[in-house]
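Scroll down for the structure; my scribbles are underneath it.
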Amino acid sequence: MEPWQEMLMENQDLYQERQKGEQPSEAGAARIEPLQKGSPLNHGVEQPEPPGEGRNAQQKGEKLGQGDTPSQETADPTQQLQTGISRAGPPEQEVTPKGKDPGPTLNHPVLDGDGNTSGEEEMPRVFQRGAKEEAEPPEEGRREEALMGELSELVQQVVKRSSWWERHGIDDSIITLNFLILPAGFLCLRSNNALLFLLGIFILGIVHHTVTVKGSHLASHNALTESKSWGKVWAIFFLEVCSAFTAEQAYYNHVKLHHGYTNVIRLGDSSTWKLPFLNRYVYMFIAPIAIPILTPLVALGLLKDVELKTALRTLCCMFLGLYSHYWLLVNVSGFQSVRSALICMLITRSLLAHPYIHVNIFQHIGLPMFSADKKPKRIHLMSLGVLNLPRNALLDWSFGHSIISCHVEHHLFPNLSDNMCLKIKPIVSQYLKKKKLPYNEDSYMSRLQLFLHRYEELMVNAPPITELVGIQ
């Protein structure tokens with residue numbers, strides 16, 4: 001039995017007791033106690049603080065593609081990929097005083113090799129006390145850090161040899177091309193010919209999802225440019241103007257929580273995608289149509305957690321994006337009524353909503369989940385908790401390789417662009433297989449059938465917590 005296969009054994013008793021509705025054992029209760037203390041997403045309420053990964057574990061210097069990117073004047077492509085060990089310790093971490101949590105910001109974090117925020121960036125407050133109390137990592141933890149460092153060196157060599165065109169230019173050009181064909185889509189909607197009208201719907205739908213999914217995703221990771229300042233500008237443009245969502249909250253929930261604590265219960269476990277009150281067929285095939293309506297409504301609800309000036313900026317940007325779409329449909333495409341224009345907006349903005357929902361749940365839910373105080377080091381966390389789907393021309397164009405076929409690579413090196421994730425894919429897959437670590441891959445239809453068959457277990461009931469045992 002491989003070492004990583006032994007990780008799933010210890011949790012069986014706890015999961016069986018939970019399924020039977022029985023009271024967990026003392027050990028099981030100790031493991032699940034931190035998970036009953038709430039989520040850091042409730043910014044207005046002081047949260048109890050479960051144990052963390054350890055201050056030293058957080059401050060070991062593996063940025064691994066997810067740190068602040070240098071400006072264009074001083075940029076070296078290799079600086080996006082720091083290797084394993086920090087030569088100079090990071091600055092002392094400041095603990096946010098009670099009641100003075102600054103809330104989400106667009107400052108890109110520096111994450112260590114374990115996926116946690118280093119001393120240069122504030123981590124979610126629920127972990128700060130445990131981070132100070134935790135002891136040095138054991139020998140196996142240092143070995144896992146060495147594995148991550150070795151893989152980072154291999155990827156760094158590829159990045160160093162890559163041109164700007166490969167690092168950013170290809171993906172920037174794809175997004176630019178979508179904006180260039182946008183006028184053709186609006187003009188096609190003027191036609192009385194059904195085929196041309198449907199072509200216009202298709203063009204607007206593809207452009208919308210390429211800009212709001214691929215563009216917003218790369219912008220949230222500062223992967224569109226090597227300038228941190230321009231990265232913030234593009235994040236506001238793609239997330240707020242184009243996607244009608246708040247950039248700070250998208251960044252906080254996706255980059256800080258989902259990437260920093262992938263498949264960690266109550267933090268990065270993808271539970272925000274679950275709607276237990278919907279049955280499987282409504283959730284999988286009908287509910288996605290409502291995404292264009294729900295997205296701005298959810299964003300408005302999240303504005304209470306940001307500063308007033310940020311909320312006003314977000315409201316202005318959201319209004320600009322939505323009204324511009326409506327204005328173009330009325331004045332360029334020739335729609336005669338408000339109702340017809342709004343229906344067209346709904347259709348185009350939900351054209352690929354079904355695969356968008358499916359992909360987001362297929363690649364994490366159903367894979368091992370971990371409690372906050374028992375999560376593994378970064379390389380095991382990502383190899384166990386992330387899955388790649390096969391390449392698909394339409395989804396690769398609209399969503400990007402890092403979301404579809406290179407999701408494992410993206411979680412290991414999240415500041416790399418889609419094209420670079422595709423370029424390092426053979427290196428990452430061969431390395432993980434050589435070290436006998438999982439490299440999860442499955443087809444879209446296989447995952448769809450799995451979720452339809454096990455919907456109650458995966459999307460309604462609480463997932464079992466996996467504990468890592470005996471990693472050698």
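In this structure, residue 238 qualifies as buried (at least 18 other Cβ atoms within 10 Å of the Cβ), in contact (Cβ under 8 Å) with a residue 24 or more places away in the chain and aromatic (Phe, Trp, Tyr).
One residue is enough: does the range 309-331 have a residue meeting the conditions under 25 Å from residue 364 (Cβ atoms) and crowded, with 18+ Cβ neighbours inside 10 Å?
Looking only at the range 309-331, we keep the residues that are under 25 Å from residue 364 (Cβ atoms), and these are none.
Looking for residues that are under 25 Å from residue 364 (Cβ atoms) and crowded, with 18+ Cβ neighbours inside 10 Å, one finds none in the range 309-331, hence no.
Residues being more than 18 Å from the chain's Cα centre (by Cα), closer than 28 Å to residue 384 by Cα and in a helix (DSSP H, G or I) are represented in the range 286-309 by at least one member. Scanning the range 272-285 for residues that are at pLDDT 90 or above and either part of a helix (DSSP H, G or I) or of a type in the set (Asp, Glu) (or both) yields 280, 281, 282, 283, 284, 285. Selection over the range 440-463 of residues that are of a type outside the set (Asp, Glu), part of a loop (DSSP other than H, G, I, E, B) and modelled with pLDDT of 95 or more gives a count of 1. For the range 408-430, a residue qualifies if it is open to solvent by 10 Å² or more (accessible area, probe 1.4 Å) and either closer than 18 Å to residue 376 by Cβ or among the small types (Gly, Ala, Ser) (or both), and exactly one does: 429.
Among the residues making up the range 212-271, those that are assigned to a helix (DSSP H, G or I) and over 16 Å from the mean Cα position of the chain (by Cα) are 228, 229, 230, 231, 232, 233, 234, 236, 237, 240, 241, 242. Among the residues making up the range 157-170, those that are open to solvent by less than 40 Å² (accessible area, probe 1.4 Å) and either in contact (Cβ under 8 Å) with a residue 24 or more places away in the chain or among the basic types (Lys, Arg) (or both) are 158, 159, 162, 167, 168.
Contact map, the range 385-400: residues that are more than 26 Å from residue 261 (Cα to Cα) paired with residues that are open to solvent by 20 Å² or more (accessible area, probe 1.4 Å) and among the aromatic types (Phe, Trp, Tyr), Cβ distance under 8 Å, separation 6+ or inter-chain. Pairs shown: 392/444. Across the range 420-432, not a single residue is classified as in contact (Cβ under 8 Å) with a residue 24 or more places away in the chain and within 21 Å of residue 268 (Cα to Cα). Note on the range 332-421: enclosed helices (runs of 4 or more DSSP H) holding 2 or more residues that are more than 30 Å from residue 192 (Cβ to Cβ) and touching a Lys or Arg at 6+ places or on another chain (Cβ under 9 Å) are 353-362, 378-385, 407-412.
Just to be sure, is residue 371 farther than 26 Å from residue 287 by Cα, touching a strand residue (DSSP E or B) at 6+ places or on another chain (Cβ under 6 Å) and of a type in the set (Ser, Thr, Tyr)?
Working: farther than 26 Å from residue 287 by Cα: yes; touching a strand residue (DSSP E or B) at 6+ places or on another chain (Cβ under 6 Å): yes; of a type in the set (Ser, Thr, Tyr): yes.
When the stated conditions are applied, residue 371 passes them.
State all residues of the range 178-195 that are without any contact (Cβ under 8 Å) to a residue 60 or more places away in the chain, open to solvent by 80 Å² or more (accessible area, probe 1.4 Å) and either within 14 Å of residue 351 (Cβ to Cβ) or assigned to a helix (DSSP H, G or I) (or both); if no residue qualifies, say none. Result: 180, 195.
The values are calculated or read from the model by the stated rules, or taken from the named source; none is laboratory data. Predicted model only: the values in this text are computed from it and were never measured. Methodologically, a virtual Cβ is constructed for each residue, glycine included, from the backbone with ideal geometry; neighbour enumeration extends over all protein chains shown. Keep in mind that these areas ignore ligands, DNA and RNA; they rest on the heavy atoms of the full protein, side chains included. Shrake-Rupley method; radii C 1.70, N 1.55, O 1.52, S 1.80 Å.
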